[in-house]
Every structure is written in structure tokens, then in C-alpha cells.
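Working notes for the structure below.
The values are calculated or read from the model by the stated rules, or taken from the named source; none is laboratory data. Note that this is a predicted model, so its numbers are computed, not measured. Every residue, glycine among them, receives a Cβ derived from its backbone with ideal geometry; neighbour counts consider all protein chains shown.
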Amino acid sequence: MDKRVSDFLPARRDLLKLGGHGLLGAFASQAMLPLQVSAAGRGNPRGSARFCILIELAGALSHIDSFDFKEDAGTQKDFDVRKIKDDLYLPYRLFPELSKEMDKIAIVRSMKSHEVVHFRGQYYTQAGRPLNPAQASEIPSVGSVISYEFEKLRREKDTFPTYIGCNLDTAGCGALSTGFLPPRFSVLDVNLKEGSASAPGSAEAMAVLEERYRILSKLDEVMASSRSGKDRQFGAFRDFQHSAFQLLGDTRWPQTFQMSKEEIARYGDNSVGLGCLFARNAVKADAGTRYIHITHPDWDHHRNIYNHASKSNHYIRCNEFDRAMASLLRDLAAEPSPRQPGKTLLDETMVVMATEFGRVPGALNGIAGRHHYNLAYVSLFAGGGVKGGRILGKTDAQGEHVIETGWKYKKQQIKTENIYASIYSALGIDWTKAITNTPSKRAYRYVDPLGATEMVMDDEITDLFV
């Protein structure tokens, strides 16, 4: 009996899970080519990193109970707060592993968000700019912009997507499409807890796949004349087919999903643990992926934020994030760079923790939780040229207001736009670029200075690196 591709490869519904909403949504876009790109000339990108891994704590970490610790009426007796160094105190109960790795990490304590609700906040964290309904359909995610920028640098052996997401489907806004960018710059979103993984890479499976792809290509040639005037839509679909064929035929792809029991136990058998372990493997594979956006969901604790009996609380989420990021930093720091003698993969990989906003300082609310707070919160940076063991910015004794911004702009707090300017810079991308021929005719700036609530300094966070 003849073998079929379906005997070896995932079912269609599994591939849809693997692809995620960002890829599917991109098929409907009317991509414009060629793109017209200009630069303000002020950017001087560092190029200190080859990869970036961003961990998004979706729902918002309590900054005053973590990396900007303030003892107040909401502080729990079992936190076991310990002095790490200088002005850094951490609840050891929440961060036992990261407490040992803070020499690798720079903390920014002067964050401010335009947003204070989740859908908009999670869109902001993925798009790098506030939601504008008039332009939303044409706005790409930051990962798609990075994918577009790195296309010219992709090697023949690069079969992995430049931009991979982990658990973006769990965010309130889902995975964003490529907007006005061509669909080939879309995210490939994997959800490891849902079992969205890879196809087996056996020789027999590949023989079947190659034969089917040859037949499909011949059929495509025969049908070419019938596509007159429709090649934009068909071209997007052919890009997807070709990318999928290359990916499924690369033995490095299934290997990226191979995780030992020991590794899973160390990182954590949860969305952020598996996401960080996958990200480590993708960086080690060096098969074309440059940017990985990991969503760690379920941080929105308006009630029972520190109730041990609750199924979801900050104890659980902090411990999950703690193990995952600490293990990722340790493994990357222990892996020698294959390109730069004396360097490690952490030297080549910028690791960022971002969240939507903070949580209200002071005593817990009437339902034993903390509500949203956007006037002060934190972000973390490590690797890729970042100088670890530093703290940028300072808040008042309650953690309510920023009293020192921690960078050269003394009157402007750091925002999500500046996180992405720093990522662009580390990856060697000029963050002052703008694409001018968008569908709306409004210039798309990589870092937009027109924030939703106030102007933004469209600059990198220089003090992270020097």
C-alpha cells in the first residue's frame, strides 16, 4: 500500500496550530513592493547581538514585589527578602534562581506605559507602539520588521523562520499579522504545551514529501496562466508552501523540539519553561531564527495575588519565570560561541523580560490582589552587549513615581518603544528607519515618537550597554 504524506506529517489542524494566527492573517494582506525605506540618520546600531529572545509576562508583574522591591502593607511574611547587592533586594521565595544570576542582568526601574488595559497593553508589547484602530490592519509586529530586515542576510542553509513565537495564541491580541509587509515575514507561532511540535524527519517521510512537492510544483507550473492578475495572493501562498517544505525537510527542526526530562525539570514543564528551552535550542541550531517572542500568560492577579490556595497567583508565576529565565541564561552562558573565540552564546543573544505595565503599590486591595498601574514598572535585559549587574532608574519609597529616569533623558521615562529601539540596535538594525509607501500613506517608523498619551524619545537605552 502506498504511503501518504499524512502518514508522516501532522494533520492540517496541527499545522494551523503550529503556524498561528499571525501567518494565516498575513494571507489576507495586500503587501506593497518594493518598499520605500528612509532613515533619519541619527541611528548608529551596535550590532552586538545575533539573536534576541523576549519573554513577555502577559498580565503584568508586580514591580514592587519583585525587581523594584518596596516593603509595604502588601509584603508577605514568607517572601524571605534578601539583599543581593547595593540597592537590590529580592524576595527569595519568588526568585530563588534569578537571585543567583543578577550579575548577568540589567534592571530598568523607570518604565512607563501608554496603556493600562490588557488587550491594548499586549498589542503594545508585540507591535512596539500603541494601538491605533485607523492603522491597525497595516501595522506589523516588531518580529516581522526584524524578519524583513534580516532577509538579505539569510544564508542558503537557513530554513527556520527568522521570527518565531511561543504561545502568542495565549495573549489577548493573539499573534499580529505582517500588516503591510509581505506574508513571508510572518511569525511561526508554536504552543509547546498544546503539543504543537514538529514532524518526524525520517528518510522515508522525506522521500514521500519530496515526491508530493515535486508533483505540486509541476501542477503550479501548468496552472500559471490561470493566475493572471492574482499572483500577489498566490505568491503569498507559494511562499508559505516553500517555507514549510524547507522547514519540514531540515533535520535540525525536529531536533529543536527534543527536550530531555532533566532539562524540562530544570526549566519547568509550563509555557515559559518550554518556551525558553525551545528558544535555547533554536539559538544553538543557528538555522535562520533571529528573534523569538515568548508569551508567559496569566499574570493578571486582581484578586488573591499571594493566596497559596489559589490556582493562579504570583508565587506560581514568579517561580515559573524564575526557573525558566535563570536556566536560559546559564545555558547560553555555558555554550561557547561557534563564531567568536572566548565568547558565549549569551554574548551573542540579547534576553529581555517585558511586561505591559506594573501593579498598584501599597496595601493589597479589598480582594487581596493588585490592580493595573502604568506610571512605574520594570524590565530586564541580559546578554547581547548588555552590561549586567546594573540598575537604571529609581522610584520613590512607595514605588509609585519615578524620581530618576536612569538614562540621558532626565525628564522622559523609558517606554516599550525604547525597549525595541535597544533590540533593533543590538541586532544591527537602524531604529530610525521609516517605510513611507504604506497603504494609508502614513510613514511607518520603526520607533514611533508619537505615543498615545505623550511624545516618546525614539532612542535606544544607551546606558544598558555602556
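Odds and ends about this structure:
- The residues of region 70-105 that are part of a loop (DSSP other than H, G, I, E, B) and either within 18 Å of Val351 (Cα to Cα) or under 25 Å from the mean Cα position of the chain (by Cα) (or both), listed by number, are Leu94, Phe95, Pro96, Glu97, Glu101.
- Members of region 410-424 that are over 26 Å from the mean Cα position of the chain (by Cα) and either in contact (Cβ under 8 Å) with a residue 12 or more places away in the chain or buried (at least 17 other Cβ atoms within 10 Å of the Cβ) (or both): none
Per-residue answers, yes or no, for (1) in a loop (DSSP other than H, G, I, E, B); (2) β-branched (Val, Ile, Thr); (3) buried (at least 24 other Cβ atoms within 10 Å of the Cβ):
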position	(1), (2), (3)
Asp300	yes, no, no
Ala309	yes, no, no
Asn319	no, no, no
Arg323	no, no, no
Gln340	yes, no, no
Val351	no, yes, yes
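- Applying the criterion of being at pLDDT 95 or above and part of a loop (DSSP other than H, G, I, E, B) to the residues of region 135-150, the residue that is surrounded by the fewest Cβ atoms within 10 Å (Cβ to Cβ) is Ile139.
- Check on Val272, over 15 Å from Asp331 (Cα atoms) and either part of a helix (DSSP H, G or I) or within 17 Å of the chain's Cα centre (by Cα) (or both): yes
- Region 132-180, residues that are free of Cβ contacts under 8 Å to residues at least 40 places away in the same chain and among the hydrophobic types (A, V, I, L, M, F, W, C): Ala136, Leu153
- Contact annotation: residue pairs with Cβ atoms under 8 Å, 6 or more positions apart or on different chains, pairing a residue in region 338-363 that is free of Cβ contacts under 8 Å to residues at least 60 places away in the same chain with a partner that is assigned to a loop (DSSP other than H, G, I, E, B) and among the acidic types (Asp, Glu), are Pro338/Asp286; Thr344/Glu335.
- Residue check for Leu328: in contact with a Cys (Cβ under 8 Å, 6 or more places away or on another chain), buried (at least 17 other Cβ atoms within 10 Å of the Cβ) and touching a residue at least 40 places away in the same chain (Cβ under 8 Å): yes
- Condition broken by Met111, with the remaining ones in (1) over 25 Å from Ile414 (Cβ atoms); (2) of a type outside the set (Lys, Arg); (3) within 21 Å of the chain's Cα centre (by Cα) satisfied: (1)
- Filter result for Asp169 (touching a His at 6+ places or on another chain (Cβ under 8 Å), among the charged types (D, E, K, R) and over 18 Å from Ile423 (Cβ atoms)): yes
- Scanning region 428-440 for residues that are buried (at least 19 other Cβ atoms within 10 Å of the Cβ), in contact with a strand residue (DSSP E or B) (Cβ under 6 Å, 6 or more places away or on another chain) and among the aliphatic types (A, V, I, L, M) yields a single hit, Ile435.
- Residue match in region 61-68 (condition: within 25 Å of Asp298 (Cα to Cα) and surrounded by fewer than 16 Cβ atoms within 10 Å (Cβ to Cβ)): no
This table checks each residue for (1) over 17 Å from the mean Cα position of the chain (by Cα); (2) assigned to a loop (DSSP other than H, G, I, E, B); (3) within 22 Å of Leu450 (Cβ to Cβ).
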site	(1), (2), (3)
Ile107	yes, no, no
Val116	yes, yes, yes
Pro133	yes, yes, yes
Lys152	yes, no, no
Glu156	yes, yes, no
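- Selected residue (criterion: surrounded by the most Cβ atoms within 10 Å (Cβ to Cβ)) from residues of region 361-382 that are in a loop (DSSP other than H, G, I, E, B) and of a type in the set (S, T, N, Q): Asn374
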